[in-house]
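The values are calculated or read from the model by the stated rules, or taken from the named source; none is laboratory data. The structure displayed is predicted, hence computed values, not measured ones. Neighbour counts are summed over all protein chains in view; Cβ atoms, including those assigned to glycine, are modelled from backbone coordinates with ideal geometry. All accessible areas refer to the heavy atoms of the entire protein, side chains included, with ligands and DNA or RNA removed. Shrake-Rupley method; radii C 1.70, N 1.55, O 1.52, S 1.80 Å.
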Amino acid sequence: MIVKDFMTKNPVYTNPKELISNIKNTMDREKIGKIPVLDDSGKLIGVFTKTDLKKAMPSEATTLDIYELSYLLSKMTVEKVMKKNPITIQKDATIEEAAKLMAEKGISSVIVMDGEVLAGILTKSDLFKAVVDMFGFKYDGVRASLEVSDDCGVLANVSKAIADHHGKIVSFITADGSDVSKRIITFKIIGLKKAEVEEILKSLSADIKDIR
């Protein structure tokens, strides 16, 4: 699964000279929390977020009156508060790489690049869509999780047994098992009923963790 297949394409962007008041209106209208900042040549030079917007607002302790505040905000530009050297990822990176990067950096979205050109933005919502696709949630079928030995041919045996009964695996994921010698496999099967899948797995002496 590749980032470019799940990212939000053609994202809203701005330039460093744009007024913060205008960007606030754009963010509210488009319901977005992050806007890439490009210079006149189209090069990514920063990112402006709702957090930056809050930091730009005067504190409640200010002695300025409402007219002075309005005047200051009307003159402030994006370049004054944007973050430089924003975190990015290439569009051909994997979804796993993007999720790991976002988790490590504690960010809810990441700017996606095609080389040096802005290509899109990947958000947590986009990652959720990828997870839904990965687990085959859109299919009506049987979801099963089982723990198997981490030996060559085990997965092939499970797949063959299901295929022999005219079942079709539409999603397949593995994870660490209870120890280093085992793997947890979770898959979605269509074309078979729950009882049929359960019978197949039991015939393989599989350690069924969940089936529904």
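Of note:
- Charge tally in the Cβ shell below 13 Å around residue 179, where Lys, Arg are +1 and Asp, Glu are -1, residue 179 excluded: -2
- Local net charge near residue 156, Cβ-Cβ under 14 Å (Lys/Arg +1, Asp/Glu -1): -1
- Whole-percent carbon and sulfur share, accessible surface of the stretch 95-208, 1.4 Å: 53
- Order of exposure, largest accessible area first, which applies to 6, 48 with probe 1.4 Å: 6, 48
- Accessible surface area normalised per residue over the chain is 62 Å², counting heavy atoms of protein chains with a 1.4 Å rolling probe.
- Mean separation of Cα contacts under 8 Å (6+ apart) over length of the chain, as relative contact order %: 20
- Label-point separation in nm, residue 212 to residue 25, each point 7 Å along Cα→Cβ: 4.8
- Out-of-range pairs (alpha-carbon distance over 18 Å; input 24/91; 55/124; 24/80; 4/168): 24/91; 55/124; 4/168
- Seen from residue 42, the other residues with C-beta closer than 14 Å to its C-beta sum to a net charge of -3, counting Lys and Arg as +1 and Asp and Glu as -1.
- Gyration tensor (alpha-carbon) shape descriptor, the chain, a/c threshold 1.5: prolate
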